[in-house]
Amino acid sequence: MTQRMLAGPVVAGTLCLLAAAASAQQSAPTPSTPAPAPAASAPAGQAAPAALPPGSPLIGRPANNAAAAKLAPVPAPPLAAAADKIPVDKLKAPKGFNLELYASGMPNARSLALSEKGTVFVGSRLQDKVYAITTDKDGKRKVQVLVSGLYRPNGVAYKDGTLYIAELSQISKIEHVDDKLDASPKPTVIYSDLPKDEAHGWKFLAMGPDHKLYLEVGQPGNNVLHDKDHGQIRRINLDGSGAEVVAFGVRHSVGFDWNPKTKELYLTDNGRDWFSEDLPNDKLNRVTQAGQDFGEPYCHQGNIPDNDFGWGKSCSEFVPPVGLLGPHAAALGMRFYTGTMFPAEYRDQIFIARHGSWNRTVKFGGDIAVAKLNKDGTVKSVEPFITGFLQNNNYVGRPVDVMNMPDGSMLISDDWTAPSIA
């Protein structure tokens, strides 16, 4: 699902929603499964617990804890909602803003990119497809599959007629993509020096102001000591050459953008699970020079040493976040708002899609938040901006990405979209 947001008495700002639920029946093919972790020993006369596969989000869940035992990733509805069943009316935005459905019918709609001709490209984490949304001269929108047969094509970025796609372990491109929307074009791989870990393996992709592609390689598990190829932000030239690491100590970033004034890179980063229900917070990091280390997995949220890996380390060794985004919020896509449709107070501020928690008894997030900045680029406040994706502690939608549109409105992708309100 994709929604658009507008605001103001005469359309001073608009948010549009792309609606799409994840479909378990249509998920991307799974590669060969790694050997499972050894099962834990059990008391005599009792069966050993089932082994968890490497990278499972349940690794580290406290044993013999009834409250923790109820917490696990929340399975999405199996089918996408029909357009007339999408609960846009349940979402709430500040006075003067309007929400409308932009397009629907794309299971597991995730990252967004926009061409000069107005085509909206939509990636997917669970599907094997990248979608394209076009609008004709009468304003009628068409949703179609651009390319299929991919593996976790979560990240999409666009520049000068070329669409770039980030799969689990490779980056590819489709040149002159607007001329090939109906041709099922075959992407050309430009970069494949990437690990194949499933845990945090899906990637966000963005085009930097230096005209290079930026991508994240997450930690291969909830809270693990990783090798030199994980836990980082990389950048590459548009032909796949010149790979270098821009930031270290990143657990899992599924959204980043550049401050339009300073050109500094800001990124969301998901905090570890199973530390507690209320800690640590997700972070908003700022890269002021290449090679900075943001501390994961040794230090969380800038001031909490990890209870396993923090021994012998100090949080002062690492770059602290410029803002905290809430406990287990699953802060994903983010953009600086650079349009003029919204009121001036939102100009150059950061809109963040918080996908929402799964390992909290009372869920947190499931909204679009706005992070307002101080003059020095640190965060002054983080406030919910669009709420209602979470109803009675159950999700009816889960926002993933946000994107500025040329008219000043903003698109929001939603990879969930429950067909009804519980």
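Some points to look at:
- Helix-only mean residue ellipticity at 222 nm for the chain, each DSSP H run of n ≥ 4 adding -39500 (n - 2.57), per residue, nearest 500: 0 deg cm²/dmol
- Shape analysis of segment 209-294 based on the Cα gyration tensor places the equivalent ellipsoid semi-axes at 24, 16, 9 Å, largest first.
- Solvent exposure of segment 188-234 amounts to 38 Å² per residue of accessible area, where only protein heavy atoms count and the probe is 1.4 Å.
- Selection from Ser314, Leu194, Ser148 lying farthest towards where the dipole of the chain points positive, charges on Cβ: Ser148
- Whole-number percent relative contact order across the chain, with pairs defined as alpha carbons under 8 Å at least 6 apart: 18 percent
- Cross-link check: pairs Lys261/Lys375; Lys95/Lys372; Lys228/Lys261; Lys117/Lys173 evaluated at a Cα-Cα cut-off of 22 Å; pairs beyond the cut-off: Lys228/Lys261.
- Share, in percent, of DSSP beta bridges within the chain that are antiparallel, nearest 5: 90 percent
- Taken over segment 55-113, the alpha-carbon convex hull comes to 196 cubic angstrom per residue.
- When only alpha carbons of segment 330-414 are considered, Rg and Dmax amount to 13.3, 40 Å.
- GNM flexibility winner over the chain from Ala109, Ala247, Ala82 (Cα, springs under 10 Å): Ala82
- For the pair Lys196 and Trp274, a Förster radius of 22 Å applied to the C-beta separation gives a FRET efficiency near 0.35, rounded to the nearest 0.05.
- For the pair Val189 and Tyr151 in one chain, pulling the backbone fully straight at 0.36 nm per residue adds 12.4 nm over the alpha carbon distance.
- Per residue, segment 265-422 exposes 35 Å² of solvent-accessible protein surface, assessed with a 1.4 angstrom probe and all protein chains in place.
- Three-way shape call for segment 216-370 based on the alpha-carbon gyration tensor, with the a/c threshold at 1.5: oblate
- Potential extension, Asn307-Thr361 segment - 0.36 nm per residue separation minus Cα distance: 17.2 nm
- Environment charge at Asp178 (Cβ cut-off 10 Å; Lys +1, Arg +1, Asp -1, Glu -1): 0
- Both radii are taken from the alpha-carbon atoms of segment 109-250; with Rh as the Kirkwood radius, Rg/Rh is 0.99.
- Global form of segment 257-348, assessed from the alpha-carbon gyration tensor, a/c cut-off 1.5: oblate
- Two-site FRET efficiency, Val74 against Thr135, from Cβ-Cβ distance with R₀ of 30 Å, rounded to 0.05: 0.35
- Whole-Hz ³J(HN,Hα) from phi, Karplus 6.51 cos²θ - 1.76 cosθ + 1.60, for segment 276-293, glycine and proline x: 6, 5, 10, 9, x, 6, 5, 10, 10, 9, 10, 9, 9, 7, 4, x, 5, 10
- Listed residues Val143, Val400, Val370, most fluctuating in the chain (Gaussian network, C-alpha, under 10 Å): Val143
- Computed in the context of the full set of protein chains, the accessible area of the chain at 1.4 Å probe radius has 52% of its extent on carbon or sulfur.
- Sites Thr288 and Asn64, calculated FRET efficiency, Cβ-Cβ separation with R0 45 Å, nearest 0.05: 0.50
- Shape call, the chain: gyration tensor on alpha carbons, a/c limit 1.5: rounded
- Alpha carbon centroid spacing (whole Å) that separates segment 60-88 from segment 304-358: 23 Å
- Length released on extending from Asp407 to Ala82, taking residue separation times 0.36 nm less the Cα-Cα span: 114.3 nm
- Placing +1 on each Lys and Arg Cβ and -1 on each Asp and Glu Cβ, with no other charges, gives the chain a dipole about its Cα centre of roughly 620 debye.
- Peptides 182-192, 62-72, 386-396, ordered by how many other C-beta atoms sit within 10 Å of their residues on average, highest first, read 386-396, 182-192, 62-72.
- Of the residues Ser115, Ser172, Ser241, the one that moves most in a GNM of the chain with alpha-carbon contacts below 10 Å is Ser241.
- Note, ³J(HN,Hα) from phi for segment 377-387, Karplus 6.51, -1.76, 1.60, rounded to Hz, x at Gly and Pro: x, 7, 8, 7, 7, 10, 10, x, 10, 10, 10
- Net charge in the neighbourhood of Asn394 (other residues with Cβ under 12 Å of its Cβ; Lys, Arg +1, Asp, Glu -1) is +3.
The values are calculated or read from the model by the stated rules, or taken from the named source; none is laboratory data. As the structure is a computational prediction, the values presented were derived from the model and not from experiment. A quick note on method: Cβ atoms are made from the backbone with ideal geometry, for glycine too, and the neighbour counts reach across all protein chains shown. Each accessible area value is taken on the protein alone, full model and side chains, heavy atoms only, with ligands, DNA and RNA left out. Shrake-Rupley method; radii C 1.70, N 1.55, O 1.52, S 1.80 Å.
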